[in-house]
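Written below as structure tokens is the structure these notes are about.
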Amino acid sequence: MLYRVIDSQELPALVEAFMEDYEVIAPVESGASYAFEKVTSFDEIKLDYPTTITSCKKYVLPPRETLFKFDALNNEVTDFTVKVTPRVIFGAHACDINALNSLDMVFEDSRYRDPYYEARRGATLIIGISCTPTESCFCHLMEADEARTGYDLFLQDIGGRYLVSIGSVTAANVLESACNPREATDEDRIAFRQATRKRQESFNEEIPDVQEIAMLMDAFHSDPFWDELGSRCLACTACSSVCPTCFCFDIADTLGPDGKTGRRERIWDACTSPQFAMVTGGHNFRDSNRNRVRHRMYHKLNGFLATHDRMLCTGCGRCVRACKAHISPIEVLKFFEEKGA
Amino acid sequence: MSGTLHGKRPKVAIIGLASCFGCQLQITNMEPHLLSLLDQIELVHWQLASSDPLPEDFDIAVVEGAVTTKEALETMRRVRRRASVVIALGACAVTAGIPGIAAPEFDDHLQTVYGTQVPQAAGNVISPVPISQVVPVDWEVRCCPIDPADFMAALHRFIVGSNKLPSTATLCGECKRNERGCFYGRGQLCMGLVTRAGCGARCPNLGRACNGCAGLSPQANVAAARRMAQDAGIGEARFNTALQLFNSVELQAGA
């Protein structure tokens, strides 16, 4: 990995340089919260944002996207071009970069590559930025507090300047042209270690560090704990809507008002949606909130690990904030701790 | 030229019961598509546009409003016998909506409004019910008012077919996708916690809390939602009152 250092005052020039060739997406204020949105000037960006309501996943897997248009009268596909806007996501936290890396494993799996996802992902540069954990963050427990791959640049704030990890030639060229990147000194490296230590010490200590989570998920599969969580669930799917790694989708044909043409759309779906596991004939394989909540936690903390060797949960804490019923992986970790795990 | 895929334009009657007629008006608001709509159906009756009586022959009956009189009850039975498809249009038809607020302690309400003698013009009044309580309904177009696109989709369902199920999740998931923040964080009451999804959380997206016009989700966890609202500083009485706005009849039946 190549490292360079730039001054904080150089950031606007960096963003403006990206704006010349890309649509720049960055964290902005949305009411009392924050969201990733398109920006047209550096001043709109809130780089010290705690977290966003949903993640930058929406730019590679949109909540609703048209896969193709069709002519219903002649039963023909009329248009299937993926419209791809070259984008820079500026200011992604490490958890979200790790989330994108997990999504890549799913949608860029060589056995069934997803051309829509691939086209968007391929046209997107990721500029990461260091952060300070919020009280609902537990990325360090999911090994997602550092991004080792999956970014074009990663900016680590080391006090008035940034240590920049360079992940791609394209981004390096923009950095070189817009800023005056210099070699990192010993002083910079010491500041980097201090910043890293400070972040590591800032996590909410009330969130228990539990070992062998996946094994415990299997051990407590039938525990009454899941009935209690299920009894609280509102069946709203907010957890999945804000999750940076939930990738399940539904496909629906939508006719236009003329009844002659239509669109085949991919729409985010959620295993916590009551109808998710319902099949033809009406049988529902997960017909209770208990079973649906448990299933979601299993995929996040157990199932994905078995197939992809990493937790699907990144500990970003979004579902912790989104769930009005206080159902989240943190509750699961606390349950394991109570059990003496 | 045929306006439908099957070459058959269904005869459609649009009928209004107890309601503000706003949902029928929403149909006229889809101006860019009205001519296309009339190309796809044969509109044989529309109370809003003509005072001609309901004809004998139609395929699809679109019914707006709650059933609040014996006369409306008879109308619905007659409509159901003639139509192969009955579509409930809007909150009043689907949940009894605003007229339904009168359902609990109905006789007391009658007394308050009319005294001892209900005027003849009001008809033979009965406690308000959604049309699904008096005849089988084939599809429901929810909300107050309806989204005209949902109305078109409902017609298409029976003209060309569809296997889409009505959504049963509650609203917060759709709302989160709009990324506008949560009313409960601001100490405001929002009925999205228990209201059926499908509208795209349109009101919260425009800065107004959900008033529950899509009706209770069949999966609504009302007890848990009530506790959550209380935790957020919303009193139980306020939550219960808000819940009654569009769900009085269902709550009366013991939701």
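When A:Thr254, A:Thr196 are screened for being touching a helix residue (DSSP H, G or I) at 6+ places or on another chain (Cβ under 9 Å), over 21 Å from A:Val332 (Cβ atoms) and not charged (D, E, K, R), only A:Thr254 passes. Highlighted here are the strands (runs of 3 or more DSSP E) found entirely within the range A:1-101 that include at least 2 residues which are more than 14 Å from every other protein chain (Cβ to nearest Cβ): A:2-7, A:23-30, A:64-71, A:76-79, A:87-92.
Taking the criterion of being over 24 Å from the mean Cα position of the chain (by Cα) and in a strand (DSSP E or B), the residues of the range A:159-190 that qualify are A:Arg161, A:Arg182. Scoring B:Leu216 on the criteria (1) at the interface with chain A (Cβ under 10 Å from one of its Cβ atoms); (2) touching a Ser or Thr at 6+ places or on another chain (Cβ under 8 Å); (3) surrounded by 16 or more Cβ atoms within 10 Å (Cβ to Cβ); (4) at pLDDT 95 or above leaves a single failure, condition (1). Restricting to the range B:130-163, and then to whatever is of a type in the set (Val, Ile, Thr) and surrounded by fewer than 22 Cβ atoms within 10 Å (Cβ to Cβ), can you tell me which residue is nearest to B:Glu64 (Cα to Cα)? Of everything passing the filter in the range B:130-163, B:Val137 is nearest to B:Glu64 (Cα to Cα). Take the conditions farther than 28 Å from A:Thr280 by Cα, surrounded by fewer than 18 Cβ atoms within 10 Å (Cβ to Cβ) and within 14 Å of chain A (Cβ to nearest Cβ) and apply them to B:Gly192. Does it pass? Considered against the rule, which asks whether it is farther than 28 Å from A:Thr280 by Cα, surrounded by fewer than 18 Cβ atoms within 10 Å (Cβ to Cβ) and within 14 Å of chain A (Cβ to nearest Cβ), B:Gly192 comes out as no.
All of (1) surrounded by 15 or more Cβ atoms within 10 Å (Cβ to Cβ); (2) touching a helix residue (DSSP H, G or I) at 6+ places or on another chain (Cβ under 8 Å); (3) at pLDDT below 95; (4) of a type outside the set (Gly, Ala, Ser) hold for B:Cys92 with one exception: (3). In the condition set (1) crowded, with 24+ Cβ neighbours inside 10 Å; (2) assigned to a helix (DSSP H, G or I), B:Glu74 is compliant with all but (1). Restricting B:Glu64, B:Glu71, B:Glu105, B:Glu56 to residues that are in contact with a Cys (Cβ under 7 Å, 6 or more places away or on another chain), acidic (Asp, Glu) and not assigned by TED's automatic domain parsing to the domain that holds B:Gly200 narrows the list to B:Glu64. Being in contact with a Phe, Trp or Tyr (Cβ under 9 Å, 6 or more places away or on another chain) and crowded, with 17+ Cβ neighbours inside 10 Å narrows it down to one of A:Asp269, A:Asp250, so name that one. Unique residue meeting the criteria: A:Asp269. In the range B:42-56 there is no residue that is crowded, with 22+ Cβ neighbours inside 10 Å and in contact with a helix residue (DSSP H, G or I) (Cβ under 7 Å, 6 or more places away or on another chain). The residue of the range A:210-251 that is nearest to the other protein chains (Cβ to nearest Cβ), among those that are out of contact with any helix residue (DSSP H, G or I) (no Cβ under 8 Å at 6 or more places or on another chain) and in a helix (DSSP H, G or I), is A:Glu228. Here is a list: B:Gly181, B:Gly192, B:Gly185, B:Gly198. Which entry is touching a Cys at 6+ places or on another chain (Cβ under 6 Å) and under 30 Å from A:Ala35 (Cα atoms)? Within the list B:Gly181, B:Gly192, B:Gly185, B:Gly198, the selection yields B:Gly192.
Per the conditions (1) away from chain A (no Cβ under 11 Å); (2) in contact with a His (Cβ under 7 Å, 6 or more places away or on another chain), the sole criterion not satisfied by B:Ser162 is (1). Within the range B:30-64, being at pLDDT below 95, in a loop (DSSP other than H, G, I, E, B) and within 14 Å of chain A (Cβ to nearest Cβ) holds for one residue alone: B:Met30. Scan A:Arg310, A:Arg318 and give me the residue that is within 14 Å of another protein chain (Cβ to nearest Cβ) and either more than 14 Å from B:Ala169 (Cα to Cα) or modelled with pLDDT under 95 (or both). Just a single option satisfies the conditions, and that option is A:Arg318.
Can you tell me which residue within the range B:165-188, out of those that are buried (at least 20 other Cβ atoms within 10 Å of the Cβ) and more than 7 Å from chain A (Cβ to nearest Cβ), is nearest to A:Ile267 (Cα to Cα)? Ranking the candidates gives B:Glu174 first.
Pairs linking a residue in the range A:171-189 that is over 19 Å from A:Gly91 (Cα atoms) to a residue that is aromatic (Phe, Trp, Tyr) and surrounded by fewer than 17 Cβ atoms within 10 Å (Cβ to Cβ), with Cβ atoms under 6 Å and 6 or more positions apart or on different chains, are A:Ala184/A:Tyr3.
The values are calculated or read from the model by the stated rules, or taken from the named source; none is laboratory data. Please read these numbers as outputs of a predicted model, since none were measured by experiment. Cβ: placed from backbone, ideal geometry, glycine included. Neighbour counts: every protein chain shown.
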